Amino acid sequence: MPLKPHVEVTPAAGKLGILLPGMGAVATTFIAGVLAIRRGLGTAIGSLTQLGHIRLGKRTDGNSPAIREYVPLASLDDLVFGGWDIFPENAYDAALRAGVLESKHLEPLRLELAAIRPMTAVFDRSFVKRLDGPNLKEGASKMELAVQLMDDIRAFKRANHCERLVAIWCGSTEVYRQASAVHASLAAFEDGLRESSDDIAPSQIYAYACLKMGVPYVNGAPNLSVDTPALLELARAYRLPVAGKDFKTGQTLMKTILAPGFKARMLGLEGWYSTNILGNRDGEVLDDPESFRSKEVTKLGVIDHILQPHLYPELYGNISHVVRINYYPPRGDNKEGWDNIDIRGWLGYPMQIKVNFLCRDSILAAPILLDLALFMDFAQRAGMHGIQEWLSFYWKSPMTPDGLYPEHDLFIQLMKLKNTLRYTRGDELITHLGAEYYD
Ligand SMILES: NC(=O)c1ccc[n+]([C@@H]2O[C@H](COP(=O)([O-])OP(=O)(O)OC[C@H]3O[C@@H](n4cnc5c(N)ncnc54)[C@H](O)[C@@H]3O)[C@@H](O)[C@H]2O)c1
């Protein structure tokens, strides 16, 4: 029996444009991956929208449709890509430079990728100290730059015959800043744009321009970007979905898989030491202590929220949690992460777990971008607006409404995501309650 009439979702007809501020390793691995999958050159491994199923009804019903058949998502054939970067290289050259995908994947896509050229970027070195590039906009004020971005969005939509757009920030991690007076309301923010306030980051100018153009906005990096009262006010006013922050890919993914397990078994935790070596451009930017601070904050929050030391002081009241990232060029995008986890068992006896994850950062991030683009477009067509907490699954530091703590446990996040999809269809939510006890 449906719980409620299902939510009206307009069909996913026509082209969906995906706009990427920042066309580096993650963005080009995503674009090339979608083009390759479209041609049958690979499988969308890691993508819930492409490979996931969703159970409906009782286990005995045997009814688990594919997610992409259950809710109306845009087809991969309808995706079109564009974006901005401070470097003028096209997507083929940028993908080669990033060194993630091999020529067996890139060469067949060369022409398609080379046709994707980044638009001129809005950039400010005081927010990304290790980079500088020539492909930049000029304007008399930050508001003027925002207007130029809006012109880009309009022109891209027209030139590519897009019905709808979604934007995903894939730019470098900006330095750590907290929201200030200029972010307190939309009016203050717009004054700040006109006065070119030093507190407004480039990523916030993109977020503003996208929202003003009716484009849902996703923040893949740890810096604030859309996560400010001013831009949330704009998203609410325009009834647009927003989501962030910081794609949950390697080490933090492992943390949100392992920590819920320790807690489920009431095992104690004394310390978690995480270190990484990373040699791509992201690693170079994160070598700057101020950009690293943004990352450190999103990485450190995870364990406390999962383990709830205020409820379990004897197990989790005194945890030493350390996170390090070291820039080490020979490793490129193939990051290596080490975790040393000090746990305690019965009567307090200590044990250790070591995790050595030889991962590929952008290979882990690309399917997340695909899912977010399709789910955010779905959310907009379903009339869902504001912070999309049901997509917490994808974030190191999920955005939450004021007064709510984020949900970090990967398995609760997945349940929330799937139950949200069931809700939109008016299907019964799955609680895993054993109905047989109540017959
Ligand atoms: N790869 C992962 O697993 C992962 C996980 C979580 C978050 N992230 C975040 O995703 C972002 C992208 O990562 P990446 O590995 O592709 O990095 P990257 O350095 O390869 O790409 C970032 C691109 O953004 C561009 N850029 C910087 N500032 C810009 C601006 N203001 N406007 C337009 N372009 C700008 C840079 O020139 C660069 O090409 C980073 O912020 C990173 O921290 C990545």
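Quick one: dipole size for the chain, taken about the Cα centre, charges +1 on Lys/Arg Cβ and -1 on Asp/Glu Cβ, in debye to the nearest 20. Intermediate values should be presented prior to the final figure.
Values: 47 positive and 51 negative charges, 166 e Å.
About 800 debye.
How charged is the neighbourhood of residue 17? Take every other residue with its Cβ under 12 Å from the Cβ of residue 17, and add Lys/Arg as +1 and Asp/Glu as -1.
Taking every other residue near residue 17 into account, the sum is +1.
Could you tell me what fraction of 2.2 N^0.38 Å the Cα radius of gyration of the chain comes to, as a two-decimal ratio?
Computed over Cα atoms of the chain, the ratio equals 0.98.
Counting pairwise Cα distances across region 31-124, what percent come out greater than 15 angstrom?
Value for region 31-124 (Cα pairs over 15 Å): 68 percent.
Select from the chain the helices, each a whole stretch of DSSP H, whose alpha-carbon atoms run 27 Å or more along the helix axis and whose Kyte-Doolittle mean is at least 0.5; answer none if there are none.
Within the chain the helices that satisfy the rule are 361-381.
Looking at the chain as a GNM with Cα springs under 10 Å, which of 160, 63, 419 has the largest mean-square fluctuation?
Sorting by GNM fluctuation, first place goes to 63.
Give the span of region 369-439's Cα atoms along each principal axis, as three whole-Å numbers ordered largest to smallest.
Between the extreme Cα coordinates on each principal axis of region 369-439 lie 42, 27, 24 Å.
Going by how many other beta carbons lie within 10 Å of each one, how would you line up 59, 344, fewest first?
59, 344
State the extension gain, in nm to one decimal, for the chain segment bounded by residue 275 and residue 154, taking 0.36 nm per residue of separation less the distance between their alpha-carbons.
Working: separation 121, 0.36 × 121 = 43.56 nm, distance 4.30 nm.
Residue separation times 0.36 nm, minus the Cα-Cα distance, leaves 39.3 nm.
List, in the order given, every pair from 15/212; 212/255; 58/354; 142/418 whose Cα-Cα distance in the structure shown is over 29 Å.
Checking Cα-Cα distances, 212/255; 58/354; 142/418 exceed 29 Å.
Relative contact order for region 251-358: what percent, with Cα pairs under 8 Å and sequence separation of 6 or more?
40
For a footprinting-style exposure proxy, rank 408, 161 by other Cβ within 10 Å, fewest first.
In increasing order of surrounding Cβ atoms, one gets 161, 408.
Rank-order 135-146, 116-127, 23-34 by packing density, defined as the average count of other C-beta atoms within 10 Å over each peptide's residues, highest first.
23-34, 116-127, 135-146
Could you please rank 242, 302, placing first whichever residue has the fewest other Cβ atoms within 10 Å of its Cβ?
In increasing order of surrounding Cβ atoms, one gets 302, 242.
Taking 0.36 nm per residue of sequence separation and subtracting the Cα-Cα distance, how much length would be gained by fully extending the chain between residue 125 and residue 161, in nm to one decimal?
Additional length available on full extension: 9.5 nm.
Once you list every other residue whose beta carbon is under 13 Å from the beta carbon of residue 269, what net charge do they have if Lys and Arg are +1 and Asp and Glu are -1? Present the calculation step by step, with values, prior to reporting the outcome.
Working: positive: 255, 263, 265, 344; negative: 270, 304, 314, 339, 342.
Within the 13 Å Cβ shell, the charges total -1.
Highest mean first, what order results for 249-261, 196-208, 307-319 on Cβ atoms within 10 Å?
Result, highest mean Cβ count within 10 Å first: 196-208, 249-261, 307-319.
So for the pair residue 194, residue 132, with labels modelled 7 Å out along Cα→Cβ, what separation do we get in nm?
Each label point is offset 7 Å from its Cα along the Cβ direction, giving 3.3 nm.
Before anything else, pin down the relative contact order of the chain: Cα pairs under 8 Å, at least 6 apart, normalised by residue count, whole percent.
That works out to 21 percent.
Report the far tail of the P(r) of region 251-358, meaning the percent of Cα-Cα pairs longer than 25 Å.
In whole percent, the long-distance tail amounts to 25.
With r as the distance between the Cβ atoms of residue 400 and residue 355 and R0 = 30 Å, compute the FRET efficiency 1/(1 + (r/R0)^6) and round to 0.05.
Efficiency at R0 = 30 Å is approximately 0.60.
For residue 187 and residue 324, what does the FRET efficiency come to when R0 = 45 Å and r is the distance between their Cβ atoms, rounded to the nearest 0.05?
Step by step, r from the Cβ atoms, then E = 0.65.
Read the figures in this text as sums done on the coordinates, not as results from a lab. From a predicted model like this one, the values you see are computed outputs, not experimental measurements. Don't worry about glycine lacking a Cβ; one is built from the backbone with ideal geometry, like all the others, and counts go over all protein chains shown.
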